[in-house]
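Enquirer: Here it is, the structure, as structure tokens.
Each value in this text was obtained by applying a stated rule to the coordinates, not by laboratory testing. Since this is a predicted model, take the numbers as computed values, not measurements. Positions of Cβ are generated from backbone atoms using ideal geometry, with glycine treated the same way; all protein chains shown enter the neighbour counts.
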Amino acid sequence: MWFIIESNKRKTWFLLFSLVSLLVIFGALIGLYIDPESFDGLIAGIIISTFFAIVIIFWTRIESSKIFLNQLNAYPLEDDSIPVVKNVVEEMAISANLGFVPKIYIVPSKVPNAFAVGINSKNSAIALSVGLLSLLNRDELQGVVAHEISHIKNKDTLYLMYAGIIFGAIVMLSEIIIRGGLNRRMNNSSKNGAGIVALLIIIVLSILAPILSKILYFTISRKREYLADACSAQFTRYPLSLASALKKISSYDTEKIEKDEITKDKVISTMYIHNYLMNDKENFLDGLFSTHPPIEKRIEILEKMAGSDIKDYSKTYNDVFKGKVLIPKEKLDKIKF
């Protein structure tokens, strides 16, 4: 599994660099717009935005797990209250060779779903909704838990937390600018060419930055879901358990989903095993803005697997998508079981 972890680390740093760069560019342009007569505003904008990005990164690493869990009113599972859940999480942590057992939290939502947060033994947790626990049998629960533990082991949770927080900051800054936060100063800079150019670039960037960062964020997220499914199949040695769970989760009553406020959180919805806010259609535009791959494809791959390890999953993935490669052959050949 080392190559998945290393690949995810590289993609995480690439995404972080891209999103932080957008923040710094915003800061530099805003500084230039405020003070177009000299480079003082430009330099100040770069310094302030860079400091802001660093604070976000360190804060995310330390506190974001608590923030996500508190936002959903999730509460920790008492050791003996639901023993089957505790046993399943312990079994899958051992099967994944994780090195520790993540904390377990219960989300008070009737909509069946699950997500993982954290990157180490101190802040890692798996959150399971009340609806999920009442809907799935033990095998299906095992498949879902294995999927979420895969996200922790593969460092997906690190990526998702960083990306979610920084992406949210970019969207918030863009909305403030688009709503006219800087327009009040337009008359003061109207006679200065640099100020006008900076203003135009800020407006264009405010429109494009959230779209481009969202596409980048979602594109990388989709492949991670396939890899987590593959790892779940290997850890449980029973891919049909996750396939069955995904069928039940995706067919949940639409009217009940629409009434559930917890499920509507746009940031956390990208972390769920199934994003109910996402359109599962496979056209080009839906594909660009989908956080998860089509659940029907995920189920199809799991049901068609001849075996239960990552090599079997990768081969089936290639067959289902007619030659598309999930894991390069040279990396698959290095996997030993």
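Enquirer: Please rank MET172, MET271, fewest neighbouring Cβ atoms within 10 Å first, as an exposure proxy. It would help to have the intermediate numbers written out before the result.
Expert: On the way: MET172 11, MET271 24.
In increasing order of surrounding Cβ atoms, one gets MET172, MET271.
Enquirer: Also: Which FRET efficiency, nearest 0.05, do GLU37 and PHE100 yield, Cβ-Cβ r, R0 51 Å?
Expert: It comes to 0.35.
Enquirer: Oh, and also: Give the percent of DSSP beta bridges with both residues in segment 51-130 that are antiparallel, rounded to the nearest 5. Display every interim value, and only then the final one.
Expert: Details: 6 of 11 bridges.
Close to 55 percent.
Enquirer: How many nm is it between the label spots at GLU330 and ILE82, if each spot is 7 Å from the Cα in line with the beta carbon?
Expert: Distance between label points: 4.5 nm.
Enquirer: Along its three principal axes, how long is segment 94-153 when you only count alpha carbons? Whole Å, largest extent first please.
Expert: Cα extents, longest axis first: 30, 22, 13 Å.
Enquirer: Taking the beta-carbon count within 10 Å as an exposure proxy, list MET161, MET92 from fewest neighbours to most. Write out the running numbers ahead of the final one.
Expert: On the way: MET161 23, MET92 26.
Lowest count first: MET161, MET92.
Enquirer: With each pseudo-label sitting 7 Å past Cα toward Cβ, what's the SER134-ARG237 distance in nm, one decimal?
Expert: Once both label points are built, they end up 3.4 nm from each other.
Enquirer: Determine ³J(HN,Hα), in whole Hz, for all residues of segment 297-307 in sequence, where each value follows from phi through the Karplus function 6.51 cos²θ - 1.76 cosθ + 1.60 and θ = phi - 60°; x replaces Gly and Pro.
Expert: Coupling constants for segment 297-307: 5, 4, 5, 4, 4, 4, 6, 8, 4, 7, x Hz.
Enquirer: Please rank TYR276, TYR313, fewest neighbouring Cβ atoms within 10 Å first, as an exposure proxy. Don't skip to the answer; put the middle values down first.
Expert: Numbers: TYR276 18, TYR313 27.
With the sparsest Cβ surroundings first, the list reads TYR276, TYR313.
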